[in-house]
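The values are calculated or read from the model by the stated rules, or taken from the named source; none is laboratory data. Since this is a predicted model, take the numbers as computed values, not measurements. Here the Cβ is made from the backbone with ideal geometry for all residues, glycine too, and neighbour counts use every protein chain on show. Ligands, DNA and RNA are excluded from the accessible area calculation, which covers all protein heavy atoms including side chains. Shrake-Rupley method; radii C 1.70, N 1.55, O 1.52, S 1.80 Å.
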Amino acid sequence: MAQVEATTERIVAADAETVFDALADYRDSRPQLLPEHFSEYEVREGGDGEGSLVHWKLQATSKRVRDCLMEVSEPTDGELVEKDRNSTMVTTWRVTPAGEGTSRVVVTTTWKGAGGIGGFFERTFAPKGLGRIYGAILDNLAAQVEK
């Protein structure tokens, strides 16, 4: 099994604290950012960053649906880490200042992929698909915080 990684980033015209707070608000802000690939979204514990437990289903393709139960931590300033209790998937959101009134948001998801030919296709195509999904989230985030 090989490690699979998908990374997407965006410059957002809002300060880092505002952007981070929107991402860390799993109760109100985050559901508004999610594209149609997410369903059954539910905050089970917390709802504001560290200590939150959030459930959703992620439909990456027409045939592939992941049931995700994400534990949220904040290991460093400007960083949210979502670890899936149901798999090896880990998503890390990093928000850093990128000049006056702007922020850089980098989202990276990693997991242990399948072996063999299936793993080859997963490593080849899954990062592109996730890149589109996270690109949509970052578009929605920018639209929300740049108001």
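Some notes on this structure:
- Considering residues of the stretch 1-25 that are in a helix (DSSP H, G or I) and of a type outside the set (A, V, I, L, M) only, the residue most open to solvent (accessible area, probe 1.4 Å): 17
- In the stretch 26-39, of all residues being over 13 Å from the mean Cα position of the chain (by Cα) and without any contact (Cβ under 8 Å) to a residue 24 or more places away in the chain, the one that is surrounded by the fewest Cβ atoms within 10 Å (Cβ to Cβ) corresponds to 36.
- Which numbered condition residue 110 misses (of (1) surrounded by fewer than 18 Cβ atoms within 10 Å (Cβ to Cβ); (2) assigned to a strand (DSSP E or B); (3) at pLDDT 95 or above): (3)
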